[in-house]
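Read-outs throughout are calculated quantities, based only on the coordinates presented, and are distinct from any laboratory measurement. Nothing here was measured: the structure is a model prediction, and the numbers come from that model. Cβ atoms come from the backbone with ideal geometry, glycine included; neighbour counts cover every protein chain shown.
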Amino acid sequence: MKLKDLPDENLFTQGHTACPGCGAAMSIRNTIRIFGKDTAVYVPASCAVVFGTTFPLAAWKVPFFHTAFENTGASIAGMKAAYEVKGKDVTVIGFAGDGGTYDIGLQSMSGAAERNDDVLYICLDNEAYMNTGIQRSGGTPFGAWTTTTPVGKKTQGNRTFKKNLAEIVAAHDIPYFATLSIGHPVDFIRKVEKAKSMKGFRFLHMFTPCIPGWKMDPAKTVEVTKLAVESGMWTLFEIENGEKKITYKPQKMKRVKDYLMMQGRFRHMSEEDIKKLQMWVCHKWNLNYNEKGAPGVCEIEPPEEHHGVTEEHREMHGL
Amino acid sequence: MFEVRFHGRGGQGAVMAAQTLAEAAVIEGNYAVAFPFFGAERRGAPVLAFTRIDSGKIYSKTQVYTPDCVVVLDDSLLDTIDVVAGLKPDGSVVINSKDAPTDIDLGMEVHTGAVNATSVALEILKAPITNTAILGALAKVTGIVSIESIEAAIKRRFGEKLGEKIGERNAVAARTAYERTVTGKSMGVKRLEQKKQWLPTHQELPVGGALVAGKTDAGLIGPGSFTENNVSGWATFRPVRDREKCTMCLLCWFYCPEGTIVRISDKGDLMTNYDYCKGCGICANECPVDAIKMVRARV
Amino acid sequence: MKHVITGDHAVAIGAKLCRVEVVPAYPITPQTLIIEHIAEFVNDGEMNAKFMTMESEHSVMSAAAGASAAGARVFTATSSQGLAFMHEMVYATAPLRLPVVMVNVNRSLSSPPGIWVEYNDSMGERDSGWLQVYVEDNQEALDMVIQSYRIAEDKRVLLPIMPCLDGFVLSHTVEPVDVPDESLVDSFLSPYEPDVYLNPEQPAVIGMLMPPQYFMEMRRQTAGAVEAAKEVVVEVNREFAKVFGRDYGGLIDTYRMEDAQIALITIGTVTSTARKVVDDMRNEGKKVGIVKLRFFRPFPAEELRAALSGMGAVGVIDRSISYNGGGPIFSEVRSALYGMTMPVINHLAGIGGRDVTENLIMTMFELTLEAAKGGKVKEVIWHETRGETL
């Protein structure tokens, strides 16, 4: 499907109460319109429950279910079982956050993956517990400020590196795993459609910036996502039947520092910590993604100036 | 007992303002409590906070229903919220507005102090954070605490959290707003009607709270009903598109987190429904041909 | 036809007869036999259900809730730690009005670890909105699975229900059970057809965030449904008796209460043993009777008041302690009997699987008789507990 062929109808309607510039809302909206009406969703405890349903208002125009936090895998498996036994052709999607996937929901997700339940699991990764007010999760990157990894006099920010969720999920030998970025629409649409066309346990790992959590200008959601990919902080790939394939190769890798400086959560980082994070990216890239023709991480370019937003707008957002 | 109700939007610091006012009252030897209404709304959505001040210990743990003073951090709230609800007749209103009190219609003639706290904040703090400036105006209008105590409380609370320098700059913002506040009687022309709410009995409530799409006399409920929620007030800026420049690449239509850029299929054109635009600016930032500019939503 | 089977086996057959559609399962002693039997039925093609091997009890109840919300008839079983582990999801299920049937095989909840009968697992869920019924023998276990679907899926109720049976004393004991014909069960129980569910053709949103201006009404509604279950339980029991020829009395049952001077309130398998003790004591001319508490939720307060009116004293057996002096049934009974003047004695016995013998039950009757005569009897008695005196 080309961009222009996407359906117009909002199955996740306007008027929802997500923060301006919400990466999760953007991802949900575009995923669900590709899937269409014969879909049912489960959302565990997260911002998406709050901004998508506040009694009696709801943004969803497809069946929506929510009970708890740590049970996305099991809940969607149960829903699917009912449709199967009733002979109904309904795609069941779970939209969980990084906390609900990397941490508290890992076991439930693993169960559904290992049973190869015929469901789509989507992890909306904004790299911390945002609904409770920005606390560190297993998906929080090295150096990031969160309220539970504060920038103190002795210790500054998160001291551990982002958990390698992809390898954990892929180790279940599921039919399809892919990482997505809202900043790369063609790749995004292709992967969502591919997941739609397949059976069995499919996992889409979406990179979804959080404006208050990342302390950044709401206009930059897409830009920061692109820069995450260009710097190697987020890599676009897919794993199909055990085979890993990079789906987007940056022309030249950008410096991790350029990505970090766009966001208040990283702005305190020392040169030493930035270097550590850059080394982590290099290592990750070299270890996993460095195939023939892929750029080397040390060939870095200076940051580009971006356009479109007025000076006043920048000022208003304290930039 | 002196009771204050703060109206703001998520992210504007209404809760911090309520706490700082309490701190100022305590500095003067009074007892004070401050608390938010814990809603589930996100950044930009209307929020409430309260402060109670008395000479002795305060036992009441309820919300404030008949305030002596109402503080409005964002005058766009006047479009959707009856901010003077329950305000005592001899009470007062403190409002962030570029207009003079006599030009502000609150639906009630009441002692009002107005200050353009947004410009004060932009000028001194270089950011539209108005919660400290508005406290200067409150000191001027109500006299419940002195401006000196407000300054001291700001330095203490903000200084502790964000560093001494920022604390001092915020104190300057409060003092500047104090000096610029204009007082007078507000207009009482049109009182905003409270939006009707669907309040079913337990027998009327659908079983298990499960909703299918429906309509009540207060509007839509259930699947797709968030369209009832006009969020235009959240926006500081709104996008304006130059039709000549637009190439209909549809990136803005794809990226918009609200889904409020719509295709008018028969005309082959795009339209932004401002009722649902929160003014994030992604469309402008991402437009490859610079066809979209962000402009102030309210001038 | 009579089958000589365990309680767990009887339960599994009950689930099969009810044509349950989704069975998320996780093993735990002494419930495991139930899901093993169901797995066999499914793999032998005798049962057309989706059997899901989950990775924990929390996921069992999550899948059960999801499947029920999507319109399926759901069955599962658990015990003790498993029930505790799914506690959050037990609470999540009832207010959403999902009529899941989950058999709990009663077993003590740690600490200390043990695998034997005690009611502190299920009684800890008393405020969850689930209905609870305790059975006396394997026949009642099977029959109550069938009745449970009728009660749970009744439009006046729409609540999950937990039939409870004593670990090992029933779960692993064989006795003759009359297994009804499938056609008879079909005539008694029609397929589950919810009005509102996760149906893409008429989408519903279930489990929305609920602000305070709606929350009390939601709680009140659930409370009303639990209350409404009382009449439904009675109706279903009556109709079941008509179709299958077995009458369990409804919310409570009584034994030789016609001219009784004192009564012992029993629950679970202790009831069965106590029936024999009553007969023996009646032969000695002692006017004693039994009130069998079947449903703990909804709690039959009025029925108890009516059954116990005029008693010289009432004894209450509790097979768990709520660390507030007595057991949970005792506090509920005493509250139900508020205003009535007879002494109420709490007999704590059999906790953690200690056997409740005929002699022990006789002692309970004797002490309750003593209290009726105005004798000095402790209000809460730890029976056969070393270091305690009667």
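The distance separating the Cα centre of the stretch B:224-278 from that of the stretch A:90-143 comes to 30 Å.
I need the fraction of alpha carbon pairs in the stretch A:3-316 separated by more than 36 Å, rounded to a whole percent.
Beyond 36 Å sits 14 percent of the P(r) for the stretch A:3-316.
Relative protection proxy for C:301-314, A:207-220, B:192-205, from highest mean packing down: A:207-220, C:301-314, B:192-205 (other beta-carbon atoms within 10 angstrom).
For the protein assembly as shown, what proportion of DSSP beta bridges, expressed in % and rounded to the nearest 5, is antiparallel?
40
Spherically averaged projected area of the convex hull of Cα atoms, the stretch A:178-257: 6.1 nm². For the stretch C:252-382, the alpha-carbon coordinates run over 36, 34, 29 Å along the three principal axes, in decreasing order.
In the stretch B:230-296, the C-alpha radius of gyration followed by the widest Cα-Cα span (Dmax) gives 11.0, 31 angstrom. Excluding same-chain neighbours fewer than eight residues apart, the aspartates and glutamates reachable from residue A:194 by a Cα-Cα span under 19 Å are A:5, A:38, A:89, A:117, A:118, A:173, A:238, A:240, A:243. Selection among B:231, B:268, B:248 by position relative to the dipole of the stretch B:230-296 gives B:231 as farthest towards the positive end (Cβ unit charges, Cα centre).
The stretch A:100-146: D in µm²/s via Stokes-Einstein (Kirkwood Rh, Cα pairs, 25 °C, 0.890 mPa s)?
Calculated translational D: 207 µm²/s.
The Cα-based radius of gyration of the protein assembly as shown, divided by its Kirkwood radius, gives an Rg/Rh of 1.03. For chain C, the tally of Lys pairs with Cα-Cα distances below 14 Å comes to 7, considering only residues 8 or more apart or on different chains. In this entry, the stretch C:70-197 is assigned a mean projected area of 8.1 nm², taken as a quarter of its C-alpha convex hull surface. Between the stretch C:327-357 and the stretch A:15-38, the alpha-carbon centres lie 55 Å apart. Divide the volume of the convex hull around the Cα atoms of chain B by the residue count and you get 174 Å³ per residue. The fraction of all Cα pairs in the stretch B:1-126 landing in successive 5 Å bins from 0 to the largest distance is 2, 11, 20, 23, 21, 14, 7, 1, 0, given as whole percents. Holding the Cα-Cα limit at 32 Å, pick out from A:153/A:257; A:61/A:163; B:196/B:278; A:191/A:252; A:215/A:252; A:220/B:190 the pairs that are longer than that. Pairs exceeding the cut-off: A:61/A:163; A:220/B:190. Cysteines in chain B that lack a partner Cβ within the 4.7 Å cut-off: B:69, B:246, B:249, B:256, B:277, B:280, B:287.
To check you understand DSSP bridge types, tell me what percent of the beta bridges within chain A (both residues inside) are antiparallel, rounded to 5.
35
If you take the alpha carbon atoms of the stretch C:2-244 and fit the smallest convex hull around them, that volume is 123 Å³ per residue.
Sorting A:223-233, B:93-103 by average packing, meaning the other beta carbons within 10 Å per residue, from highest down gives A:223-233, B:93-103. Show me, bin by bin at 10 Å from 0, the whole-percent P(r) of the stretch A:1-141 based on Cα pairs. Final binned percentages: 12, 42, 36, 10, 0. With Rh defined as the Kirkwood radius, the inverse of the mean 1/r over Cα pairs, the Rg/Rh of the stretch C:285-324 is 1.00.
Against the empirical curve 2.2 N^0.38 Å, the C-alpha radius of gyration of the stretch C:149-290 lands at a ratio of 1.43. The largest-to-smallest principal axis extents of the Cα set in the stretch C:239-286 are 38, 21, 16 Å. For residue A:154, a cut-off of 18 angstrom between C-alpha atoms picks up these aspartates and glutamates, skipping any fewer than 8 places away in its own chain: A:271, A:272, A:273, B:160.
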